[in-house]
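Throughout, read-outs are computed from the coordinates displayed, never taken from laboratory work. Remember, predicted model here, so these are calculated numbers, not experimental data. Neighbour counts are summed over all protein chains in view; Cβ atoms, including those assigned to glycine, are modelled from backbone coordinates with ideal geometry.
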Amino acid sequence: MIGRAAILALIPHQGAMCLWDEVLAWDAGTIRLRAHSHRDPAHPLRAADGRLHAVHLCEYGAQALAVHGGLRAQAGGGVARPGLLVALRGVELQVACLDDLPDALEGTAEVLVDSEAGWQYAFRIQHAGTLLASGRAAVMPQRQP
């Protein structure tokens, strides 16, 4: 298992904006993670009314991609190229809010396309074995100045 400190070293999201707490398993094509951050009353994505809306599960999915990219690059002796989330497709949300979910969130991401032009992944976020969100995300590498 890979903990939060190692995740923070891999991705640009720092502090409370790093949403994942643990990597449970990963290989070249997939990653499985766990998070408890949705229960934090100070979660940075909470709305003014204090609610954490399900649309933010897309950010959990996108960060799963970033963690996976970081781990893949690290395993190859390098660091991940910075990327920009450019598209979400086929997103399906099964809940409205995450506020009343008592257990950890678990996420999975699977590489669909890996090329010099960018990456596409499918992601799924679950709670206690129940699917909360799924979709696909596309990331393009940032141009270096």
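Please compute the net charge surrounding residue 21, taking Lys and Arg as +1 and Asp and Glu as -1 over other residues with Cβ under 10 Å from its Cβ.
Once all neighbours under 10 Å are counted, the net charge is +1.
The chain: longest stretch without exposed trypsin sites (Lys or Arg not before Pro) (DSSP loop, at most 15 other Cβ within 10 Å), sites themselves excluded?
Between exposed loop sites, the widest span is 52-142.
Explain nothing, just the number: relative contact order of the range 4-141, from Cα pairs under 8 Å at least 6 residues apart, as a whole percent.
After rounding, I find 25 percent.
Pairing the Cα long axis of helix 57-75 with the longest principal axis of the chain, what angle in degrees results, from 0 to 90 and rounded to the nearest 10?
That works out to roughly 30 degrees.
Could you tell me the extents of the chain's C-alpha atoms along the three principal axes, largest first, rounded to whole Å?
Principal-axis extents of the chain (Cα, largest first): 40, 32, 31 Å.
Return the sequence-ordered ³J(HN,Hα) values of the range 30-44 in whole Hz as given by the Karplus equation 6.51 cos²θ - 1.76 cosθ + 1.60 applied to θ = phi - 60°, using x for Gly and Pro.
Here the 3J(HN,Hα) series is 9, 8, 10, 10, 9, 9, 10, 4, 4, 8, 6, x, 9, 3, x Hz.
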